[in-house]
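Engineer: Handing you a structure now.
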Amino acid sequence: METVKNILLVVYVIVCIALIFITTTQSKDNTKSVEDTYENPNANKYFEKNKSRTKAGKTQKRTIVISVVFAILTVVTTIVYFL
């Protein structure tokens, strides 16, 4: 049981470091202002449709996946250590 705890702790630390790295390298969202929308409402239709294929979109997906893994590992680690 002790080896399972150690392996779980190592995986947890790796996920924590990965989450920190991904969130710090993630760019801030540039929201369009109201003026841009009124001036040219069709300007970014292509970008909006393909946003998930860009580097920022992929990074956002990775952040969500690693955050979910982090939350699950937090619960599992707590249960294993207190049983």
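The values are calculated or read from the model by the stated rules, or taken from the named source; none is laboratory data. Since the model is a prediction, treat every value here as computed from it, not as a measurement. For neighbour counting, all protein chains shown are included, and Cβ atoms are generated from backbone atoms with ideal geometry for every residue, glycine included. To get the accessible areas, we keep the full protein, side chains included, count just its heavy atoms, and leave off ligands, DNA and RNA. Shrake-Rupley method; radii C 1.70, N 1.55, O 1.52, S 1.80 Å.
Engineer: For Gln26, enumerate residues with amide H under 5 Å from its amide H, sequence gap 5+ or separate chain, H modeled in the peptide plane.
Structural biologist: none
Engineer: Taking 7 Å along the Cα-to-C-beta vector as the label spot, tell me the Phe70-Thr54 distance in nanometres, rounded to one decimal.
Structural biologist: The answer from the label model is 2.3 nm.
Engineer: Roughly how many Å² of Phe70 are accessible to a 1.4 Å probe, to the nearest 10?
Structural biologist: Accessible area of Phe70: about 60 Å².
Engineer: Between Tyr12 and Lys61, take the C-beta separation as r, use R0 = 35 Å, and let me know the FRET efficiency to the nearest 0.05.
Structural biologist: After rounding to 0.05, the efficiency reads 0.95.
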